[in-house]
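Here's the structure, in structure tokens; my notes come after.
The values are calculated or read from the model by the stated rules, or taken from the named source; none is laboratory data. The shown structure was predicted, so the numbers you read here are calculated from the model rather than taken from an experiment. Here the Cβ positions follow ideal geometry from the backbone for every residue, glycine too, while neighbour counts run over all protein chains shown. For the accessible areas, the whole protein counts, side chains as well, though only heavy atoms, and no ligand, DNA or RNA atoms are used. Shrake-Rupley method; radii C 1.70, N 1.55, O 1.52, S 1.80 Å.
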Amino acid sequence: WADRKLRAMPWWRRLLGRLAPQQLYTLRAERRLFESKALRAVVCVSQTVRRDVLRHFALPQERVHVVYNGIDLVRFAYRFRTLHRGRLRNEMGLGDKTVLLFVGGGMRNKGIFETLAAASRCGLDFELLVVGKDKRLDAFRGAAETMGISQRCRFVGPQPDVLPFYAVADIFVLPSHFETFGLVYLEALAMGIPILVSKAAGAADRKSTRLN
């Protein structure tokens, strides 16, 4: 994550970032942990994480395992979407628009700017629903206005229940710059929604998106 984050910065900020005391301390602590002789096994939540661990630390492959995350398939069920989709779309005033859904905090890392840019060029009669908490929401709203799509974007903030938003969505979009897994991808798939995911997310693993 540190490598990917620094890669997008100017050279002088990359240099300062790599020499920052907190960064050096964290990297040293990670190396001591992963290369300790007392370490018996490493459990990763995706193949992406496993590859990163093996690339950065001197560990035998047989000691690094993958156990995928799971979700509650009773709660996140396709039948909820089929039963309530029409009513909820009417209540939200969505009509026949194609609804794009973005769910997550730390939205810059989750790819909100890329999502807005892609939506502005997609050519669909769309409405983008952005669900989640972020202290930079005003900046994201400003970006949508600059791109000329502010009237088609709703930043609804954090929600106590995201199920209604899954129910009305047609496409789930979350092109994260880095994510070890991301439960929201499986939640969307369980609700019958196709997902757009970047290769940088652990959910892009072929096996991780199986719901059986």
(request) Scan the range 134-150 for residues that are closer than 19 Å to Ala169 by Cβ and either of a type in the set (Phe, Trp, Tyr) or open to solvent by 80 Å² or more (accessible area, probe 1.4 Å) (or both) and jot them down. (result) Phe140
(request) Name, by its number, the condition in (1) farther than 23 Å from Ala204 by Cα; (2) open to solvent by 80 Å² or more (accessible area, probe 1.4 Å) that does not hold for Lys5. (result) (1)
(request) Tell me, yes or no, whether the range 25-43 has at least one residue that is assigned to a loop (DSSP other than H, G, I, E, B), within 22 Å of Arg108 (Cα to Cα) and either in contact (Cβ under 8 Å) with a residue 12 or more places away in the chain or in contact with a Gly (Cβ under 8 Å, 6 or more places away or on another chain) (or both). (result) no
(message) Checking Ser176 against (1) open to solvent by 40 Å² or more (accessible area, probe 1.4 Å); (2) in contact with a Ser or Thr (Cβ under 7 Å, 6 or more places away or on another chain); (3) modelled with pLDDT under 95, only one condition comes out false. Which one?
(response) (1)
(request) Mind listing just one residue for me: the one in the range 35-55 that is among the hydrophobic types (A, V, I, L, M, F, W, C) and within 22 Å of Asp3 (Cα to Cα) and, of those, most open to solvent (accessible area, probe 1.4 Å)? (result) Val43
(message) As an exercise: evaluate Gln151 against (1) closer than 20 Å to Lys5 by Cα; (2) assigned to a helix (DSSP H, G or I); (3) without any contact (Cβ under 8 Å) to a residue 40 or more places away in the chain and give the number of the one condition it does not meet.
(response) (1)
(message) So in the range 69-109, with the set limited to residues that are over 14 Å from Phe155 (Cα atoms) and in contact with a strand residue (DSSP E or B) (Cβ under 7 Å, 6 or more places away or on another chain), which one is most open to solvent (accessible area, probe 1.4 Å)?
(response) Lys97
(request) Identify, by number, the condition in (1) modelled with pLDDT of 95 or more; (2) farther than 29 Å from Met9 by Cβ that Thr209 doesn't meet. (result) (1)
(request) List the number of the failed condition for Thr115; all other conditions in (1) within 16 Å of Ser176 (Cα to Cα); (2) modelled with pLDDT under 95; (3) β-branched (Val, Ile, Thr) hold. (result) (2)
(request) Take the residues in the range 110-128 that are among the small types (Gly, Ala, Ser) and open to solvent by less than 20 Å² (accessible area, probe 1.4 Å), then tell me which one is nearest to the chain's Cα centre (by Cα). (result) Gly111
(request) Run down Val53, Val49 and say which single residue is part of a helix (DSSP H, G or I), at pLDDT below 95 and touching a Ser or Thr at 6+ places or on another chain (Cβ under 6 Å). (result) Val49
